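*Asks:* I have a structure here, written as structure tokens, and I will follow up with some questions on it.
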Amino acid sequence: MSDEHTETGTGWPQPAGPVRPGGPAGEPDPRPDAPDPDELSPLSPQGRPEADDAEPAESTDDPVTDDGERADEASAVASAGPAAAPWRRFSSAAVMIAVLLALLGFTLAVQLKTTSTDSSLAAARQEDLVRILYDLEARENRLRQDISALEDSQRQLRSGEQGRQAALEEATRRADELGILAGTLPAQGPGLAVRFLAGSKPISAIRVLDAVQELRGAGAEAMQISGGDRASVRIVASTYFLDGENGSLIVDGRRLTGPFTITVIGDPSTMRTALNIPGGVVASVAGDGGNVIVEDREVAEVSALHVPSTLEHARPVA
Amino acid sequence: MIAVVALLAGVGLGLWLDPTVPAALQPYLPIAVVAALDAVFGGVRAKLDRIFDDKQFVVSFISNVLVAALIVYLGDQLGVGGQLSTGVVVVLGVRIFGNVAAIRRHLFRA
């Protein structure tokens, strides 16, 4: 506006004087007698401005007010020159300032909104993006290692589970075998049905026991003996046979009446041969006047169960 | 008065229109805003010092914004964009602090 104002870039003028060399805009005052920067900015004017500086500052406050406001203050200071010229000038400058400030507010709001809402990577700088990428790669590596470790443990657990399953199957198979041998499980398979038909003398327990021993020797795996009333008793290692009254038989404490049938699971031909050897079971029963009928069974069913006795003294050897 | 109204109008317009910043301008806009803030605080201080000059304000405002953006652009071209924009922000922040201190002294006499 006037020659006493120099460009400072900050919006306030620098009074031109002989004691003040015009430095570049925005630079600190290099003079040794400069005032305290805290007390006074290096760009601030040294002396109080002249009185006519107040006039434009005052007019920009509200340049669109009525002329009466201008009359009381501005005209008191300014000379009685043409009032219309400065009015137009200030008006255009005020419009310019308003436009600039509106622009500032606009960009400020836009920037604030962008910064607050746009957290995407589009607004990030290149080096930030590189750093983010590096972080993500490191994280990916870590996660990959985690995945491989977890897959390893999964494999181990799976193989352990398979081993456990195999052990369980083996144990189940052994339990089944032992249950059949101990008479606690029903069994079926190829075998024989041996019927004892009494002749003049009843079938004695010794004959039956002989037959059972022969069958065991011939590889019988499961046996049961049933009487004429279909009552059945499983024959296990501890089964005993006693002669009862009237040709009956006491097997493991149960009374069976004739005719007796031993159902046995095993190799049929071997057992048949064992029963038919000279002087064997068939011959002995025939000698007593009785008869033994040996029938092959495709599927011999041994369904009677032996109730296992609770062991009181014997313990497994660990 | 008109300045405050214009500032508020600009803020309202920015909030209302909600435009997206072009990607090419994204690094420069924050620096330009800070430079403009520096100019505005300088203007307020000059007004309180009763030495406000509107033409100078307009010129300094525009040149501040342009120089700040130019510095950041140069820094980006030289590969030191981040550091240079930090430096610009520091310098402008120091100036804003000084201006605000002067305004505070004017307003509160302290």
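The values are calculated or read from the model by the stated rules, or taken from the named source; none is laboratory data. This structure is a prediction, so every number in the text was calculated from the model and none was measured. Positions of Cβ are backbone-derived with ideal geometry, glycine not excepted, and every protein chain shown enters the neighbour counts.
*Asks:* Looking at the structure I just gave you, is residue A:237 modelled with pLDDT of 85 or more, within 58 Å of the chain's Cα centre (by Cα) and farther than 20 Å from residue A:298 by Cα?
*Replies:* Spelling it out, residue A:237 is indeed modelled with pLDDT of 85 or more, within 58 Å of the chain's Cα centre (by Cα) and farther than 20 Å from residue A:298 by Cα.
*Asks:* Since residue A:278 meets every condition but one in (1) assigned to a loop (DSSP other than H, G, I, E, B); (2) within 26 Å of residue A:184 (Cβ to Cβ), which condition does it not meet?
*Replies:* Of (1) assigned to a loop (DSSP other than H, G, I, E, B); (2) within 26 Å of residue A:184 (Cβ to Cβ), only one is false for residue A:278: (2).
*Asks:* Applying the selection to region A:237-266, what residues are assigned to a loop (DSSP other than H, G, I, E, B) and surrounded by 17 or more Cβ atoms within 10 Å (Cβ to Cβ)?
*Replies:* A:239, A:248, A:252, A:258, A:259, A:266
*Asks:* So which pairs qualify, if the first residue must be in region A:144-155 and without any contact (Cβ under 8 Å) to a residue 60 or more places away in the chain, the second must be among the basic types (Lys, Arg) and part of a helix (DSSP H, G or I), the Cβ gap must be under 9 Å, and the two must be at least 6 apart or on different chains?
*Replies:* No pair meets every condition.
*Asks:* Provide a single number: the residues in region B:1-22 that are at the interface with chain A (Cβ under 7 Å from one of its Cβ atoms) and within 26 Å of residue B:93 (Cβ to Cβ).
*Replies:* Looking only at that region, the number is 9.
*Asks:* Kindly indicate whether residue B:105 is more than 10 Å from chain A (Cβ to nearest Cβ) and without any contact (Cβ under 8 Å) to a residue 12 or more places away in the chain.
*Replies:* Criteria not met by residue B:105.
*Asks:* Another one. Taking residue B:52 and the conditions (1) free of Cβ contacts under 8 Å to residues at least 24 places away in the same chain; (2) part of a helix (DSSP H, G or I), which numbered condition does it fall short on, given that it satisfies the others?
*Replies:* Answer for residue B:52: the failing condition is (2).
*Asks:* Would it be correct to say that residue B:84 is part of a helix (DSSP H, G or I), over 30 Å from residue B:109 (Cα atoms) and more than 7 Å from every other protein chain (Cβ to nearest Cβ)?
*Replies:* The answer is yes for residue B:84.
*Asks:* Moving on to the next point. Could you tell me whether region B:81-89 includes any residue that is modelled with pLDDT under 85, in contact with a Phe, Trp or Tyr (Cβ under 7 Å, 6 or more places away or on another chain) and not aromatic (Phe, Trp, Tyr)?
*Replies:* no
*Asks:* As an exercise: evaluate residue B:101 against (1) under 22 Å from residue A:97 (Cβ atoms); (2) at pLDDT 90 or above and give the number of the one condition it does not meet.
*Replies:* (1)
*Asks:* Now for a separate question. What are the pairs, 6+ residues apart or on separate chains, where a residue within region B:64-83 that is closer than 19 Å to residue A:101 by Cβ has its Cβ under 7 Å from a residue that is not in a helix (DSSP H, G or I)?
*Replies:* That search, which allows pairs on different chains as well, returns B:64/A:9.
*Asks:* Taking residue B:43 as meeting all but one of (1) surrounded by fewer than 22 Cβ atoms within 10 Å (Cβ to Cβ); (2) in a helix (DSSP H, G or I); (3) at the interface with another protein chain (Cβ under 8 Å from one of its Cβ atoms), write down the number of the exception.
*Replies:* Exception for residue B:43: condition (1).
Yes or no, residue by residue, for (1) surrounded by fewer than 17 Cβ atoms within 10 Å (Cβ to Cβ); (2) touching a strand residue (DSSP E or B) at 6+ places or on another chain (Cβ under 7 Å); (3) more than 7 Å from every other protein chain (Cβ to nearest Cβ):
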{"site": "B:25", "(1), (2), (3)": "yes, no, yes"}
{"site": "B:35", "(1), (2), (3)": "no, no, yes"}
{"site": "B:39", "(1), (2), (3)": "no, no, no"}
{"site": "B:49", "(1), (2), (3)": "no, no, no"}
{"site": "B:56", "(1), (2), (3)": "no, yes, no"}
{"site": "B:78", "(1), (2), (3)": "yes, no, yes"}
{"site": "B:88", "(1), (2), (3)": "no, no, yes"}
{"site": "B:91", "(1), (2), (3)": "yes, no, yes"}
{"site": "B:99", "(1), (2), (3)": "no, no, no"}
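*Asks:* Still on this model: Specify which of the listed residues (A:189, A:183) is farther than 24 Å from residue A:290 by Cα, modelled with pLDDT of 90 or more and touching a strand residue (DSSP E or B) at 6+ places or on another chain (Cβ under 8 Å).
*Replies:* A:189
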